[in-house]
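Novice: Sharing a structure here in structure tokens format.
The values are calculated or read from the model by the stated rules, or taken from the named source; none is laboratory data. Keep in mind that what you see is a predicted model, and the values were worked out from it rather than measured. Note: ideal-geometry Cβ built from the backbone for every residue, glycine included; neighbour counts use all protein chains shown. The protein model used for the area step is the full one, side chains on, heavy atoms only, and it has no ligands, DNA or RNA in it. Shrake-Rupley method; radii C 1.70, N 1.55, O 1.52, S 1.80 Å.
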Amino acid sequence: MPAFATAFDLDGTLIDNNAYHILAWQEFYRKRGRELSTEDYLINFNGRTMPDVIKYVFQKNDMTKEDIERCTNEKESLYRELYAPHIEPVKGLLPLLELLHQNNIPMVIATSGIEANIEFMFSHIPIRRYFKKVIKGTDITFGKPHPEMYLLAARELGLPAEKCIAFEDATVGIRSASDAGMKVVAVSTTHSEEELSGADMIVKDFEGINIEILKGLFDK
């Protein structure tokens, strides 16, 4: 049995892309004669499922599935167009994934992102082979900060949540993983260290993380 297992958020964790999501949402708003602040995005958008976000944008809980899908496709197409020339993994990610793989540590991705964006990431950063499963927003009923995403991740990993580590960048993700029972390593790509204080460990990127450091989280 592995010593532990790992679940990686995608946006802001595997790739430092939140600035491009913000730019895409701001363009989406501008087309409708509105403005979106970075603060509003960080508080009300980051880590949540797209249907929840779209309903928040329009302040309507009774939007049709077709309207949600149309708005999602428009915004995410803008995001991919803006980010494609710049996409790269967070520093130290590739060596960490290989290290975990060599030590037989199971890995999944747990993301609220949509299928097209997940495939977009894999097409530019070929890391699919490391992960047992990609858990998406369509696989869950409740988005982060509800713990459902990480409870499902633990089941896919085959270990109790208490033996799993989540890598996150967002406050809602930290709460989701912590409430599921996981240890949390927060990457400070999106939020300040102060905002990420609910995590068990805070790093600026993945450089220098090794198996012993990760095992030590369970001693706290």
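Novice: List the residue pairs whose Cβ atoms are under 6 Å apart, where the first residue sits in the range 1-24 and is hydroxyl-bearing (Ser, Thr, Tyr), the second is open to solvent by less than 10 Å² (accessible area, probe 1.4 Å) and in a helix (DSSP H, G or I), and the two are 6 or more positions apart or on different chains.
Specialist: As it stands, the answer is Tyr20/Tyr79; Tyr20/Tyr83, since those pairs meet every condition given.
Novice: Only residues that are of a type in the set (Lys, Arg), part of a loop (DSSP other than H, G, I, E, B) and open to solvent by 10 Å² or more (accessible area, probe 1.4 Å): list them for the range 134-166, please. Spell out how you get there, then give the answer.
Specialist: From the range 134-166, those of a type in the set (Lys, Arg) are 136, 144, 155, 163; that's our starting set.
Restricting the remaining residues to those that are part of a loop (DSSP other than H, G, I, E, B) gives 136, 144.
Passing the criteria: only Lys136.
Novice: Follow-up. Under the condition of being touching a residue at least 40 places away in the same chain (Cβ under 8 Å) and surrounded by 17 or more Cβ atoms within 10 Å (Cβ to Cβ), which residue from the range 200-217 is nearest to the chain's Cα centre (by Cα)?
Specialist: Across the range 200-217, the extreme among qualifying residues is Phe206.
Novice: Given the criterion modelled with pLDDT of 95 or more, open to solvent by less than 10 Å² (accessible area, probe 1.4 Å) and hydroxyl-bearing (Ser, Thr, Tyr), identify the matching residue among Ser197, Ser188, Ser176.
Specialist: None of the others qualify; the one that does is Ser176.
Novice: Further, regarding this structure: In the range 105-114, how many residues are small (Gly, Ala, Ser) and either loosely packed, with under 14 Cβ neighbours inside 10 Å or at pLDDT 95 or above (or both)?
Specialist: Final tally of qualifying residues: 1.
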